[in-house]
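Working notes, structure below.
Coordinate-derived values only; no laboratory data. From a predicted model like this one, the values you see are computed outputs, not experimental measurements. For neighbour counting, all protein chains shown are included, and Cβ atoms are generated from backbone atoms with ideal geometry for every residue, glycine included.
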Amino acid sequence: MFRVLNKRFFSENVAELIIEAPLIARSRKAGHFVIVRVDKQSERMPLTIAGADPEKGTITLVVQRIGVSSAKLCALNAGDELADLVGPLGRATHIENYGTVVCACGGVGAAPMLPIAQALKAAGNRVITVLAARTANLIILREQLSRFSDEVIIMTDDGSMGQKGLVTQGIELVIQREKVDKCITIGPAIMMKFVALTTQKYNVPTEASLNTIMVDGTGMCGACRVTVGGKTRFVCVDGPEFDAHQVDFDEMLSRLRSYKAEEAAAYQTYLNGTTAVTTSVCEQAMVQPLSHIDVEPFAGTAKDRVAIPRVQMNELAPEVRVRSIHAEVNQGLTPEQAICESHRCLNCKTPTCVQGCPVNINIPGFIKQLEQGNIQAAADVIKQSSSLPAVCGRVCPQEKQCESQCIHLKMGHPPVAIGYLERFVADHAAATKNQEQRTKNGKKIAVVGSGPAGLAFAGDMAKYGYEVTVFEALHEIGGVLKYGIPEFRLPNRIVDAEIDGLKALGVTFRTDTIIGKTISTDQLRQEGYSAIFVGSGAGLPRFMGIPGENLNGVLSCNEYLTRVNLMDASNAATDTPLLYGKNVAVIGGGNTAMDAVRTAKRLGAERAMIVYRRSEEEMPARIEEVRHAKEEGIEFLTLHNPIEYHADDNGRVKEAVLQVMELGEPDESGRRSPVPVEGQTLTIPVDLVIVSVGVSPNPLIPHSVAGLEIGKKGTIVVNDAMQSSIPTLFAGGDIVRGGATVILAMSDGRHAAKAMHEYLQKEDI
């Protein structure tokens, strides 16, 4: 799909590649970058677009061979294809007629500077380019930059070309002879730091392009965060260009060394021609499909049903499961267990459990079919309301939803294990899950995001007869189900099976496509899409804004889980680096925090801790997840809150200072508010901190659609029908709620599908 058309080397370690990417070429502007993944084992690598030809449908990338993934990219030849290429990303360079502009670039920084210089010249500026490198053979694109520059000044450390000296000396030559209105700098971080210090002396406004280490490139992980003007910014969505005089370059330089040792070791392995292999300790066996089970009719009374003890989930032993990030903890029920548990259902005339289910599954209906041994019929009942039953059976908080409304609780008994039964039915009916499609109505619908909201919406719209295309920014389908939830809780094979069911309904999936960047919503309408559903999620991580939070070894939960889950970074055969810790602290008390701390334990942490500012009773994580964590040796430091992190001599976090808390009066959510206990702190050793204190809506769609009403917290404002201020654009899930469960996102998707269908029928669009 993304084919290399031409390659040439500027020097031994710097290559230029012309790549076929028509959509990106059409949408790209000066300053934009792409995320490249060479093969399925490669990391996601940011590269600024050096040029584009919209007519030929090509983009130009210049890459320096410094690590495994960049070496793989440089090794490609004409005709080879990239696994993934997504973009354009970032904010375009602001271009206007400033007057005289100095473009200061070092090494391969000349490549991304080329389109900027071209745009500046076209806007009427006097452009003076300062090209700098250690030696003459590292000076690239001199002739090309000369076409768009009134003057090119070359500086080399050894004097082998141009003048002997540093880039800053070349800049000063210009500033001292004439008025400079603007400076733009691109190159190594250390170079840009000294450029900024130089221009600051002369009060010359300066922009620096900061492409740092990234994982997703869409604002989801926070790996690329920098401090600008005392505030944390994300390069991928807020940049890549910032006021150079406001950038904390020392912090940035330190963060760029986060994975230096890991990357150096991986590169040496690559150069040696060896391949690392890893195997999991325990793999989950595939469940055998069952369409029917021969059972004896249950002749017991209601009293007999109530007297049956609730089933206990079969689980891997803690000492076994902590050795593998792939082995699913909950092993599922046996057919005998499932049938026995189905006998507990009283088949209430007014089933309150259905009211407690966000997607209103006919719970007594599917359980009655299961009780009779009709597995496929039970699955058909569930799928009338849910497109992802195997997922929901595993990750939904049933204890707070359907099971909390079970009549058994009012009778003083444990509720029917609805979630366990849903999982059993979904797993065993997996091989016969196809549903009848309705006649196609000829209308096309676009779905932004392949998370639970988008998948639920897509399934229902396909059943209504629409031609549905789901656009996903990442290289895997599934959204948070893939990048956010570990396999020991939700195996990828389960998500893939659910997605296969949607494909069988006729849903089309397109990865590596960012709506609002690769394709605009206006372009979607021009291509014949009648309406759009946005389920882009709330992936933008929040931080606490405390001292030391940007130290090496302090990650967002999204970054950590994305590296492990989506990029398989713990597998030695993949290129994405991962930080390991002996003393790991996860800040937060939700399900995502539990996922992270249990992952850290499985990856070798000697001490894995949950640090939570409230008590365990206020903890939002599922009871089952908390129990599993405790069984696996996770420590719980409740009523503690971090207030500062300290670094070792290498700039990596070494300890956390925790404020002791106590509970005060309830807040707006009804939970008692944590209050600091004055003068009481606890300092603990940590070498890895994972912050899980919430997320904000992904800003890409809200910022790219003109006329879209946005809430105070960056959410898309919708009416009761999930319809936005733009009548043909509907939205649901975290992009509307700001953060919610999988099942609530699915409920939004189903609600939006019904409402959109009714709207399109009425409006005849």
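Below are the figures for this structure:
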| quantity | calculated |
| --- | --- |
| Net charge of neighbours whose Cβ lies under 13 Å from the Cβ of LEU370, counting Lys and Arg as +1 and Asp and Glu as -1 | -3 |
| Amide H within-cut-off set for ASP80, under 5 Å, with H built and near neighbours excluded | VAL4 |
| Normalised contact order of the range 100-262, rounded percent, pairs of Cα under 8 Å and 6 or more residues apart | 19 percent |
| Inter-label distance, nm, simple model (7 Å from Cα along the C-beta direction), GLN761/ASN719 | 1.8 nm |
| Theoretical FRET efficiency, 1/(1+(r/R0)^6), r = Cβ-Cβ of LEU5 and GLU709, R0 60 Å, to 0.05 | 0.90 |
| Contact order normalised by residue count of the range 502-651, Cα under 8 Å, 6+ apart, percent | 20 percent |
| The range 193-272, Cα convex hull volume normalised per residue, Å³ | 100 Å³ |
| Protection-proxy order for peptides 358-369, 554-565, each taking the mean of Cβ atoms within 10 Å per residue, highest first | 554-565, 358-369 |
| Net +/- balance of residues flanking VAL689 in space, Cβ distance below 12 Å, scoring K and R +1, D and E -1 | -3 |
| FRET efficiency estimate (nearest 0.05) - Cβ-Cβ, THR683 to ALA265, R0 35 angstrom | 0.65 |
| Inter-site label distance for SER160 and ALA136 at 7 Å from Cα along Cβ, in nm | 0.8 nm |
| Dipole of the chain [Lys/Arg +1, Asp/Glu -1 at C-beta], most positive-end residue of VAL174, PRO54, GLN369 | PRO54 |
| ³J(HN,Hα) computed for each position of the range 131-147 - Karplus, 6.51 cos²θ - 1.76 cosθ + 1.60, integer Hz, glycine/proline x | 9, 9, 6, 5, 8, 4, 6, 9, 7, 10, 6, 4, 5, 5, 5, 5, 5 |
| All Cα pairs of the range 290-386, percent lying beyond 22 Å | 41 percent |
| Ellipticity estimate at 222 nm from DSSP helix runs (n ≥ 4, -39,500 (n - 2.57)) divided over the chain, nearest 500 | -8500 deg cm²/dmol |
| The chain: relative contact order as a whole-number percent, Cα under 8 Å and 6+ apart | 11 percent |
| Exposure proxy ranking, count of Cβ atoms within 10 Å, fewest first, for ARG177, ARG28, ARG672 | ARG177, ARG672, ARG28 |
| Percent of beta bridges antiparallel (DSSP, the range 100-262, rounded to nearest 5) | 25 percent |
| Cα gyration tensor category, rounded, prolate or oblate, for the range 100-262 with a/c compared to 1.5 | prolate |
| Gain in span if fully extended, ASP243 to ALA573, counting 0.36 nm per residue against the direct Cα distance | 114.9 nm |
| Packing-based order for 228-241, 134-147, using average beta carbon neighbours within 10 Å, highest first | 228-241, 134-147 |
| Cβ-defined net charge surrounding SER673, 13 Å radius [Lys, Arg +1; Asp, Glu -1] | -1 |
| Ascending count of other beta-carbon atoms within 10 Å, so fewest first, for ARG126, ARG8, ARG37 | ARG8, ARG126, ARG37 |
| Order of ASP294, ASP748, ASP500 - criterion: other Cβ atoms within 10 Å of each residue's Cβ, fewest first | ASP294, ASP500, ASP748 |
| Simple Cβ-charge dipole of the chain, Lys/Arg +1 and Asp/Glu -1, about Cα centre, in debye nearest 20 | 880 debye |
| For the range 2-89, diffusion coefficient by Stokes-Einstein and Kirkwood Rh (Cα), 20 °C, 1.002 mPa s, µm²/s | 170 µm²/s |
| Among 310-319, 584-593, 654-663, the order from most to least packed when residues are scored by Cβ within 10 Å on average | 584-593, 654-663, 310-319 |
| Helix 591-602 vs. the chain, principal-axis angle (Cα, 0 to 90°, nearest 10) | 80 degrees |
| Over the range 543-693, equivalent-ellipsoid semi-axes from the Cα gyration tensor in Å | 25, 19, 13 |
| Prolate/oblate/rounded label for the range 620-765 (Cα gyration tensor, a/c 1.5) | prolate |
| Contour excess over end-to-end distance, with Cα ends at GLU96 and HIS292 and 0.36 nm allotted per residue | 63.5 nm |
